[in-house]
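Below is one structure; the comments refer to it alone.
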Amino acid sequence: MLETMLKRKNAATGVRVTVKTAVAALVIALAAALPQIVHAAAGAQGGVQWLPMYLPVLLGGCVLGVKWGIGAGLLAPVFSFLVTSAAGNPMPAAERLPYMMVELAVFAAVSGAFSGTIVKNAWAAFPAVLLAQVAGRLAFLAVAAIFQSVSSLSAAVVWSQIQAGLLGMVLQAVAVPAIVIALRAVLLRGEKDAD
């Protein structure tokens, strides 16, 4: 979405890269900060239930597109892990980090695939987020099933976490498209061919 908008405004390549880098950095920072806020307010179980790291990554995919979204999705859990490890409480835990990287990269790739479509039709944000959520959670489950013989994160444990996070997923399935639609409206302001 952002790339298309910047091209429409005839932004130079350097400007486009700078803007996308800034947005990706914001997505990564939010993906590290939101879990801290949720854990402080709702405890460790709040993270499993509300899935706060997912919201900015889903948003990032819709706004940044596939490539930049995947980058943000891969880096978000790594950045969060490094920052929180320095504070003595790594989130996500080291064992879960590779799983989160895969899951968030899939979230961003699938939602990012709709980025151009969202420019044309704002309502495409809803299937973008829903399909990204399903694909990401299935990827998480598949990776856990493949590596459960060498990890304590089994498919059964992941399945119970998926069930525990259903409310968070439903709320994000509404909130993320609403934010994307609002951002699109702001970015399209002043253009005659908005729809």
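Is it true that some residue in segment 15-23 is of a type in the set (Gly, Ala, Ser), modelled with pLDDT of 95 or more, in contact with a Ser or Thr (Cβ under 9 Å, 6 or more places away or on another chain) and within 19 Å of Ala72 (Cα to Cα)? Don't jump to the end; show me each part of the working.
So in segment 15-23, the residues of a type in the set (Gly, Ala, Ser) come out as 22.
Then keep just the ones that are modelled with pLDDT of 95 or more; that gives 22.
Filter once more, so that each one left must be in contact with a Ser or Thr (Cβ under 9 Å, 6 or more places away or on another chain): none.
Within segment 15-23, not a single residue is of a type in the set (Gly, Ala, Ser), modelled with pLDDT of 95 or more, in contact with a Ser or Thr (Cβ under 9 Å, 6 or more places away or on another chain) and within 19 Å of Ala72 (Cα to Cα).
Enumerate the pairs (first residue in segment 13-24 and open to solvent by less than 50 Å² (accessible area, probe 1.4 Å); second residue anywhere and aromatic (Phe, Trp, Tyr)) with beta-carbon separation below 8 Å, excluding pairs fewer than 6 apart on the same chain, so at least 6 apart or on different chains.
Final answer for the pair search is Lys20/Trp68; Val23/Trp68; Ala24/Trp68.
Can you name the condition, by its number, that Val106 falls short on among (1) open to solvent by less than 20 Å² (accessible area, probe 1.4 Å); (2) within 14 Å of the chain's Cα centre (by Cα); (3) of a type in the set (Val, Ile, Thr)?
(1)
Yes or no: Ala113 open to solvent by 30 Å² or more (accessible area, probe 1.4 Å), under 20 Å from Val48 (Cβ atoms), over 12 Å from the mean Cα position of the chain (by Cα) and at pLDDT 95 or above?
no
Counting residues that are farther than 17 Å from Leu131 by Cα, which helices (runs of 4 or more DSSP H) fully inside segment 43-86 reach at least 3?
Answer list for segment 43-86: 44-50, 66-86.
Would you pick out the residues in segment 109-125 that are among the aliphatic types (A, V, I, L, M), more than 15 Å from Gly69 (Cα to Cα) and in contact (Cβ under 8 Å) with a residue 40 or more places away in the chain?
Passing the criteria: Val119, Ala122.
Could you check how many residues of segment 126-144 are closer than 13 Å to Phe107 by Cα and surrounded by 20 or more Cβ atoms within 10 Å (Cβ to Cβ)?
Result for segment 126-144: 7.
Is it the case that some residue within segment 42-52 is out of contact with any Pro (no Cβ under 8 Å at 6 or more places or on another chain), within 27 Å of Val186 (Cβ to Cβ) and either surrounded by fewer than 16 Cβ atoms within 10 Å (Cβ to Cβ) or touching a residue at least 24 places away in the same chain (Cβ under 8 Å) (or both)?
Within segment 42-52 (the criterion being out of contact with any Pro (no Cβ under 8 Å at 6 or more places or on another chain), within 27 Å of Val186 (Cβ to Cβ) and either surrounded by fewer than 16 Cβ atoms within 10 Å (Cβ to Cβ) or touching a residue at least 24 places away in the same chain (Cβ under 8 Å) (or both)), the answer is yes, since at least one residue qualifies.
The values are calculated or read from the model by the stated rules, or taken from the named source; none is laboratory data. Bear in mind that the values here come from a model prediction, so they are computed numbers and not experimental data. Note that each Cβ is placed from the backbone with ideal geometry, even for glycine, and that neighbours are counted across all protein chains shown. Note: areas computed on protein heavy atoms with side chains; ligands, DNA, RNA excluded. Shrake-Rupley method; radii C 1.70, N 1.55, O 1.52, S 1.80 Å.
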